[in-house]
Amino acid sequence: MPSPVAHFHAVVPAGGAGTRLWPLSRAGAPKFLLDLTGTGRTLLQGTVDRLLPLTGPGGVLVVTGERHAAAVAAQLPELGASDVLAEPSPRDSMAAIGLAAAVLLERHGEDVVLGSFAADHIIDGAEAFEQTVREGVTAARAGYVVTVGIAATGPSTAFGYVRSGEALGVEGAPSARHAAGFTEKPDAETAAAYLATGEYRWNAGMFLVRARVLLDHLAAQLPPLHDGLREIARAWDGPERAEVLARVWPGLTKIAIDHAIAEPVAAAGGVAVVPGDFTWDDVGDFASLGSLLAAPSAADGSADDDGSRTLGDDTGVLRIDTAGALVVGGSARTVTVIGVPDVVVVDTPDALLVTTRAHAQTVKSAVDGWRARGREDLV
Ligand SMILES: Nc1nc2c(ncn2[C@@H]2O[C@H](COP(=O)(O)OP(=O)(O)O[C@H]3O[C@H](CO)[C@@H](O)[C@H](O)[C@@H]3O)[C@@H](O)[C@H]2O)c(=O)[nH]1
């Protein structure tokens, strides 16, 4: 068991809907509340399991929508009531993480270093993760906004790209480098050009920074958002929280932390990057989910792995000659797939999805399509 990192608090913004995983993921049951690995732990639980040993008890703060706060608390009985911050409405990741930073500053003072970690990622390699966090916190103490860089395996347009520059030279953080640039979700051509240089890594969506430093950057970049969050944080643990939230929250600027802080601060030389040499996946769609699921064991008689997978209880799923297929059973009926390679079949009690791995990114348009037909009950 690793020893906790002094003054380190983890923040878990849990707000994304995960529309590319519809109909598994719904507005009422977003991706982070689901067990997508078949391990019996949801993505949110896995995230907190990974962080608590590094922060120690009471060191993890989850920021989520009011609608999901009760489910989050129920999944995480190890957290205290004040460790779940409920937002009245989604205002994007800067408001969520900024609120946590401001509340941590009020509660614990100037020494707090926060690490923000998405609620819906899969990470394998606890030791490498711990090493990255320790180095990241050390670099953050020196005043940097620290990102974690993942070795890019393709020109994805779903991620931010961070360019590694000179070594940072901070004692205790030997692998930290200056970020010579940060670009949030470049277009395909730019992403390919970045990849070709060999100097860029994907931004893992993790930020380590002193709470005070983050808020000072926010004050410089977006003063109204900073002031609103500070006002809310001052009232958070007192009797005026509801009144201040109702008055201030709806007017907060809706912006991602990547645009609000990472891009401008990197341009000014204030961002560092530590490599994340652990297995990382943001489980963005069914293609990546299919690739993540473990091969069936030889004991199942499936030693010849054809890349096809079943998620969850496979007693009701029969796959025959379906190389590369992903089948998710979940309703009372059985599912049989024969002779359709690379197909994705997701069966739930009220919605059935049939698509292909190649169309995995397009699944989010199903949510738009059903919504346009007035079927809010399905999304
Ligand atoms: N509480 C709360 N959380 C939110 C909100 N909006 C987003 N989040 C949370 O903030 C994190 C990142 O937000 P996303 O909107 O999912 O970001 P992304 O498109 O995946 O991009 C980010 O992550 C990539 C890695 O997965 C990065 O590569 C990219 O640069 C960026 O940081 C996730 O944990 C998400 O749940 C919100 O309104 N409220």
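Nothing in this text is a laboratory measurement; each read-out follows from the coordinates by a stated rule. Computed from a predicted structure; not experimentally measured. Positions of Cβ are backbone-derived with ideal geometry, glycine not excepted, and every protein chain shown enters the neighbour counts.
Within the listed set Val62, Val354, Val283, the Gaussian network model of the chain (springs between alpha-carbon atoms below 10 Å) gives the highest mean-square fluctuation for Val354. In sequence order, segment 208-215 has phi-based couplings of 10, 6, 5, 3, 4, 5, 4, 5 Hz under the Karplus curve 6.51 cos²θ - 1.76 cosθ + 1.60, θ = phi - 60°, and Gly or Pro positions carry x. What residues have an amide H closer than 5 Å to that of Thr336, excluding those fewer than 5 places away on the same chain, when H is modeled at 1.01 Å from N in the peptide plane? Sorted by chain and number, the residues that satisfy this are Leu318.
When the Cα gyration tensor is reduced to axis lengths a ≥ b ≥ c, the ratio a/c is 1.5 or higher for the chain, and with a/b above b/c it is classed as prolate. Starting from the Cα gyration tensor of segment 163-311, take the square roots of the eigenvalues, sort them a ≥ b ≥ c, and report rounded, prolate or oblate (rounded when a/c is under 1.5, otherwise prolate if a/b is larger than b/c, else oblate). Note, shape of segment 163-311 comes out oblate.
Within the chain, DSSP assigns beta bridges of which about 50% are antiparallel (rounded to the nearest 5). Mind pulling the angle between the C-alpha long axis of helix 92-108 and the longest principal axis of the chain? Nearest 10 degrees, somewhere in 0 to 90. Relative to the chain, helix 92-108 is tipped by roughly 50 degrees. Close amide H contacts of Val283 (hydrogens built in the peptide plane, cut-off under 5 Å, sequence separation of 5 or more or a different chain): Ile122. Comparing Ala176, Ala262, Ala242 in a Gaussian network model of the chain, where Cα atoms under 10 Å apart are tied by springs, the biggest mean-square fluctuation is seen for Ala242. Taking amide H as placed 1.01 Å from N in the peptide plane, Val11 has its amide H under 5 Å from the amide H of Leu61, Gly115, Ser116, Phe117, each at least 5 places away in sequence or on another chain.
Classification of segment 218-292 by its C-alpha gyration tensor yields an oblate form. The axis ratio a/c (a ≥ b ≥ c) is 1.5 or more, and b/c is at least a/b.
Go ahead and set up a Gaussian network model of the chain, Cα springs under 10 Å, then flag whichever of Val162, Val317, Val72 fluctuates most. Comparing Val162, Val317, Val72 in a Gaussian network model of the chain, the most mobile one is Val317. Most simply put, segment 287-362 has about 35% antiparallel DSSP beta bridges, counting only bridges with both residues inside it. Using the Cβ of Leu222 as centre and a radius below 15 Å, the other residues enclosed give a net charge of -3, where K and R count +1 and D and E count -1. For the chain, the mean residue ellipticity at 222 nm estimated from helices alone is -9500 deg cm²/dmol, where every DSSP H run of n ≥ 4 contributes -39500 (n - 2.57) and the total is divided by all residues, rounded to the nearest 500.
Label zone (Ala86, point 7 Å along Cα-to-C-beta; backbone nitrogen cut-off 19 Å) within segment 49-68: 61-68.
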